[in-house]
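Please read the structure below before turning to the comments.
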Amino acid sequence: MKDIMERSKIVRDKFDISSPQKMPLLYSGNGQMGGCVDMYGLMNTPFNHKGLWDTANTAIHHHEHWHRGRYGLDYFLPVARFLWEEEPPAPLEYSQVHDLYNSSVKTKMTWHSVELSIESFYSLAHMDTYATVISYRGDMGKIPGIMLSAETDYIAPYKQMINGNSEILNIMRDSASLKLSAGTACTGVFLRSISKSGDFEFKARNKSILLNFSGCEGEHMILFSCGSFDRLDSIASETRAVDDIGKYREEAFRLWHERLGTSYISFEDDNIQKLWCRSLYYVLCSYTNKPISPSAPTGWTGNGWGFNFPQDVSFIHPALLRLGYFDIAKAIAEFYRSFIPEMK
């Protein structure tokens, strides 16, 4: 399976932002949460409910962060974004690799005095957590800072203006907690940093949180965990238990390999192979074997149609069954059976 999936790896070695089509966003998730990153490995595009090609969304989405709004529909909403304080100049050296076998995106950038690497991935062992490993060498003060910004004010589908609020409940050097409200959604966010080398601390910046790096060299893992606000304490407790960057990454990659399985179809044509591998990958990023609300047909990207209906998932079910992911197909059916009285 490794050799097959690596044929579909997305590799970029040129930085070109002249048009969004040149560098499409990269999507990943664990079935319960997910989102897209941009050419920097961050999420610099504000939420736009239309999710068109030139305004495609970069934000973390989670199955418990939704709003019951117009027409009685349940709308998945964006939670937060990691972004630059100010966009830096184009890097002098650049590479970005979306590794579908490990389900990770790694972006390396070099400016005159700084080498920066941003690696992001989700874990099947920590379903409420998004991990970002940031490594650097040089003077980080020479480039803009990286911030976490909650998404609170935007237009949702059917012209609904969402005016929410983000409250920093607690902030320490290596952790922070927030309460995020948007429409009928009330979500807790917990941040944790684990440092292998160098110095790091979270700093409040208005209602956002600045990731403050110092020292000439460092490696830090930032864990972003979220879920329904009434689960914040348990989410924080689970996230605090993580204490090693290497072990966390190794476990996440190993579990993703197990999720992929060992069965595949091999094509001589590389383009057809990429289509098959990426289709499998995007489905597994978007659906889980837990009986929770399925993602929208566009996964956790926040683009296009932002709702889930049984008839939408009916197009995915046959693929899951034929691929052997019976546990995911069963979980989706169990959720709708518990959610829709007429199905009982």
Could you list, in sequence order, all residues of region 81-95 that are in a strand (DSSP E or B), surrounded by fewer than 21 Cβ atoms within 10 Å (Cβ to Cβ) and either among the small types (Gly, Ala, Ser) or within 20 Å of the chain's Cα centre (by Cα) (or both)?
Trp84, Ser95
Any chance Asp230 is modelled with pLDDT under 95, surrounded by fewer than 18 Cβ atoms within 10 Å (Cβ to Cβ) and in a helix (DSSP H, G or I):
no
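Condition test on Pro291, is it touching an Asp or Glu at 6+ places or on another chain (Cβ under 7 Å) and either touching a residue at least 60 places away in the same chain (Cβ under 8 Å) or closer than 28 Å to Leu77 by Cα (or both)?
Against the criterion (touching an Asp or Glu at 6+ places or on another chain (Cβ under 7 Å) and either touching a residue at least 60 places away in the same chain (Cβ under 8 Å) or closer than 28 Å to Leu77 by Cα (or both)), Pro291 qualifies.
For residues in region 149-172 being part of a strand (DSSP E or B) and of a type in the set (Asp, Glu), which is farthest from the chain's Cα centre (by Cα)? Outline the logic, then answer.
Keep residues of region 149-172 that are part of a strand (DSSP E or B), which gives 149-150, 153-156, 160-163, 165-171.
Keeping just the survivors that are of a type in the set (Asp, Glu) gives 153, 167.
Working: Asp153: 20, Glu167: 22 Å.
Out of the qualifying residues, it is Glu167.
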Sole residue being surrounded by 13 or more Cβ atoms within 10 Å (Cβ to Cβ) and farther than 28 Å from Ala156 by Cβ, chosen from Lys290, Lys330:
Lys330
If a residue has to be more than 23 Å from Asp243 (Cα to Cα), crowded, with 18+ Cβ neighbours inside 10 Å and β-branched (Val, Ile, Thr) to count, how many in region 168-190 make the cut?
2
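Inside region 1-77, counting only strands (runs of 3 or more DSSP E) that do not spill past its ends, which hold 2 or more residues that are surrounded by fewer than 18 Cβ atoms within 10 Å (Cβ to Cβ) and modelled with pLDDT of 90 or more? Write out each step before concluding.
Details: elements: 10-12, 26-29, 33-37, 60-68.
Correct list: 10-12.
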Given the options Ile155, Ile143, name the one that is among the aliphatic types (A, V, I, L, M), crowded, with 16+ Cβ neighbours inside 10 Å and at pLDDT below 95.
Ile143
Which one is nearest to His220 (Cα to Cα) among residues in region 173-183 that are touching an Asp or Glu at 6+ places or on another chain (Cβ under 9 Å) and assigned to a loop (DSSP other than H, G, I, E, B)?
Asp174
Of Ser181, Ser197, the only residue that is more than 28 Å from Val114 (Cβ to Cβ) and free of Cβ contacts under 8 Å to residues at least 40 places away in the same chain is Ser181
Looking at Ser314, is it at pLDDT 95 or above, out of contact with any helix residue (DSSP H, G or I) (no Cβ under 9 Å at 6 or more places or on another chain) and at negative phi?
no
Kindly check whether there is at least one residue in region 246-266 that is at pLDDT 95 or above, under 17 Å from Ala80 (Cβ atoms), in contact with a strand residue (DSSP E or B) (Cβ under 6 Å, 6 or more places away or on another chain) and surrounded by 14 or more Cβ atoms within 10 Å (Cβ to Cβ).
no
Of residues in region 104-126 being in contact with a Phe, Trp or Tyr (Cβ under 9 Å, 6 or more places away or on another chain), surrounded by fewer than 22 Cβ atoms within 10 Å (Cβ to Cβ) and without any contact (Cβ under 8 Å) to a residue 40 or more places away in the chain, the one nearest to Trp276 (Cα to Cα):
Lys108
With the condition kept exactly as written, say whether any residue in region 96-103 is of a type in the set (A, V, I, L, M) and crowded, with 23+ Cβ neighbours inside 10 Å.
yes
Looking at the structure I just gave you, is Glu251 closer than 18 Å to Ile146 by Cβ, under 21 Å from the mean Cα position of the chain (by Cα) and acidic (Asp, Glu)?
no
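The values are calculated or read from the model by the stated rules, or taken from the named source; none is laboratory data. Bear in mind the structure is a predicted one, so any value in this text is a computation, not a measurement. Neighbour counts run over all protein chains shown; Cβ positions are idealised from the backbone, glycine included.
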